[in-house]
Amino acid sequence: MSGATAVVRVTQALERAHATKETVNAFTSLDDDRALSRAEAIDRGEIGGRLAGVPIALKDLIDHEGRVTTCGSHFYKETADKTAECVKGLEDEGAVIIGRANLHEWAFGFNSENEAWGPVRNPRDLNTSAGGSSGGSGAAVAAGITPIAIGTDTGGSVRVPAALCGTYGLKVTHGAISLDGVFPLVPSLDTVGPLADSMTNIDLAYRAMSGDSTEGQPNGRFRIGIPQPWFDDAPMEEDVARSFAGTVEQLIELGHQVHPIQMPDVKPSRLITAAFEEVATVHKEFRTQGKRYSKVVEDRIIAVENATQEEVRAAREWQAMIRSRFEDAFSTVDFLITPTTPAVKKVIGDEMIGEKHHRSVLSYFSAIVNHALRPALAIPTTRPGGTHTSLQVIGDLNSEPELIALGTNLEGAEIGSFEPS
């Protein structure tokens, strides 16, 4: 479809989105008329750019002028009076936003089993979750609707759907992409990032949204650390552990130095507590007004409202420790690697994965990275006949160009591989 006109590409994307509405449910709304009108203008040569005619799904908490933002909620329906800065960057390069991607309510969770808009189902197995909170974005790419989708990531909300849906996904350094026009969850941790079917599309979307033109080393040989005991203590499924071990062998064969690295006390013990004050502040007005939340999300918000100052202070100290440990680690290695998630399936309606709550499993390797403010790339690493798995590569601050260069290299070596559902 790469040689097709913009109208053909956008028409096919919209047709696929409508056809999968009752099954995958990747979108809260679709924007047929405006998307096709923009595609026609592209074909007339009135709009150009590196993303000219590329259909894109946009998470429904990122503003797009004239479109309704719902945040996946029961009550919030605000027509945006301007377009978010990150979306302007995409449209300046000719992208076509075809619709609003479904998500976990208020982006406050990891399964996108949305009470108000219906659950997002994983195109690879409709009985399972697409992950969250950017579940619709991951599902749109995995289902072959759009080659690029935009999500947000506060604790893994780009990388978890990327892992479960088998796509690429980039979580950027905090502040690397503007949050103007993005409804917040935890402003000090929130990021915007792309999910895509290839590293080329990750690169194009990142460049458009960030304005970063720096190039990474295309064939660099890097020092790569496996963080301990963070890695060894994970609630890891056998297929994920086996796949990760195979990927480590492949990285060594490519000439990279891969070895364990000690990161004492790095474990997900105070993840949500460190965000309590900000979540409570974001939702204070709605809570005062008695607005309707699903019970699951309301229970989580009540928990943050009831946090003591002692708990918050301890969480801030934990957060400072995490950042210090990452700073120490990157003084001796170029990248850290882990699986993106310790498990790659979560059955819709089930709260547990094995003997643990799904949130603690799915966020195990991702959320700490947000508290460390570092960027990370999720790379699909499915092997023939095996369960689809995902590799997380964590970089130092503002190392997105190097992450993208490494991801592109691994894709070329067939370590990273996207297969549409």
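The values are calculated or read from the model by the stated rules, or taken from the named source; none is laboratory data. Since the structure is predicted, the reported quantities are computational estimates derived from the model, not experimental observations. Because the Cβ atoms are built from the backbone with ideal geometry, glycine has one as well, and the counts that use them run over all protein chains shown.
Just to check your reading of the model, which residue among 218, 235 is in contact with a Gly (Cβ under 7 Å, 6 or more places away or on another chain), more than 19 Å from residue 330 (Cα to Cα) and outside any helix (DSSP H, G or I)?
235
For residue 170, which of the numbered conditions (1) of a type in the set (A, V, I, L, M); (2) assigned to a strand (DSSP E or B); (3) within 23 Å of residue 16 (Cβ to Cβ) fails to hold?
(3)
Does residue 48 satisfy being within 25 Å of residue 3 (Cβ to Cβ) and either assigned to a loop (DSSP other than H, G, I, E, B) or not small (Gly, Ala, Ser) (or both)?
Spelling it out, residue 48 is indeed within 25 Å of residue 3 (Cβ to Cβ) and either assigned to a loop (DSSP other than H, G, I, E, B) or not small (Gly, Ala, Ser) (or both).
Could you check residue 91 against (1) crowded, with 23+ Cβ neighbours inside 10 Å; (2) under 23 Å from the mean Cα position of the chain (by Cα) and say which number it fails?
Tallying (1) crowded, with 23+ Cβ neighbours inside 10 Å; (2) under 23 Å from the mean Cα position of the chain (by Cα), residue 91 fails exactly one: (1).
Specify the residue that is nearest to residue 361 (Cα to Cα); the eligible residues are those in the range 267-296 that are modelled with pLDDT of 95 or more and assigned to a loop (DSSP other than H, G, I, E, B).
Only one residue tops the list, namely 294.
Please count how many residues of the range 396-421 are buried (at least 24 other Cβ atoms within 10 Å of the Cβ) and either hydrophobic (A, V, I, L, M, F, W, C) or touching an Asp or Glu at 6+ places or on another chain (Cβ under 7 Å) (or both).
Residues meeting the conditions: 4.
Grab the helices (runs of 4 or more DSSP H) fully contained in the range 348-421, keeping just those with 3 or more residues being of a type in the set (A, V, I, L, M).
Filter on the range 348-421 gives 367-371, 400-412.
Condition (residue is assigned to a loop (DSSP other than H, G, I, E, B), of a type in the set (S, T, N, Q) and out of contact with any strand residue (DSSP E or B) (no Cβ under 6 Å at 6 or more places or on another chain)) applied to the range 318-327: is it met by at least one residue?
There is no residue in the range 318-327 that is assigned to a loop (DSSP other than H, G, I, E, B), of a type in the set (S, T, N, Q) and out of contact with any strand residue (DSSP E or B) (no Cβ under 6 Å at 6 or more places or on another chain).
Can you pull out every residue in the range 194-215 that is within 17 Å of residue 158 (Cα to Cα) and in a loop (DSSP other than H, G, I, E, B)?
197, 198 - these are the residues of the range 194-215 that are within 17 Å of residue 158 (Cα to Cα) and in a loop (DSSP other than H, G, I, E, B).
So, residue 301, is that one surrounded by 13 or more Cβ atoms within 10 Å (Cβ to Cβ) and under 30 Å from residue 237 (Cα atoms) or not?
no
Of the residues 298, 285, 277, only one is of a type outside the set (S, T, N, Q) and more than 24 Å from the chain's Cα centre (by Cα); which?
285
Is it fair to say residue 80 is in contact with a His (Cβ under 9 Å, 6 or more places away or on another chain) and either of a type outside the set (Val, Ile, Thr) or buried (at least 16 other Cβ atoms within 10 Å of the Cβ) (or both)?
In short, yes.
Considering the range 242-263 alone, what residues qualify as being part of a loop (DSSP other than H, G, I, E, B) and either closer than 15 Å to residue 317 by Cβ or of a type in the set (A, V, I, L, M) (or both)?
254, 263
Give the residues of the range 357-368 that are in contact with a strand residue (DSSP E or B) (Cβ under 6 Å, 6 or more places away or on another chain) and within 14 Å of residue 391 (Cα to Cα), sorted by residue number.
Within the range 357-368, 365 is the sole residue that qualifies.
Can you pull out the residues in the range 263-278 that are small (Gly, Ala, Ser) and surrounded by fewer than 18 Cβ atoms within 10 Å (Cβ to Cβ)?
269
With the requirement that a residue be in contact with a Gly (Cβ under 9 Å, 6 or more places away or on another chain) and not acidic (Asp, Glu), what does the range 70-89 give you?
72, 79, 80, 82, 83, 84, 86, 87, 88, 89
Condition first: touching a His at 6+ places or on another chain (Cβ under 9 Å) and either free of Cβ contacts under 8 Å to residues at least 40 places away in the same chain or crowded, with 24+ Cβ neighbours inside 10 Å (or both). Now tell me which residues in the range 152-190 satisfy that.
Of everything in the range 152-190, those that are touching a His at 6+ places or on another chain (Cβ under 9 Å) and either free of Cβ contacts under 8 Å to residues at least 40 places away in the same chain or crowded, with 24+ Cβ neighbours inside 10 Å (or both) turn out to be 155, 157, 163, 164, 165, 166, 190.
State whether one or more residues within the range 354-361 are in contact with a Leu (Cβ under 6 Å, 6 or more places away or on another chain), β-branched (Val, Ile, Thr) and under 11 Å from residue 235 (Cα atoms).
Checked the range 354-361: no residue is in contact with a Leu (Cβ under 6 Å, 6 or more places away or on another chain), β-branched (Val, Ile, Thr) and under 11 Å from residue 235 (Cα atoms).
Being of a type in the set (Lys, Arg), under 17 Å from residue 345 (Cα atoms) and either touching a Lys or Arg at 6+ places or on another chain (Cβ under 6 Å) or modelled with pLDDT under 95 (or both) narrows it down to one of 159, 121, so name that one.
The conditions single out 159.
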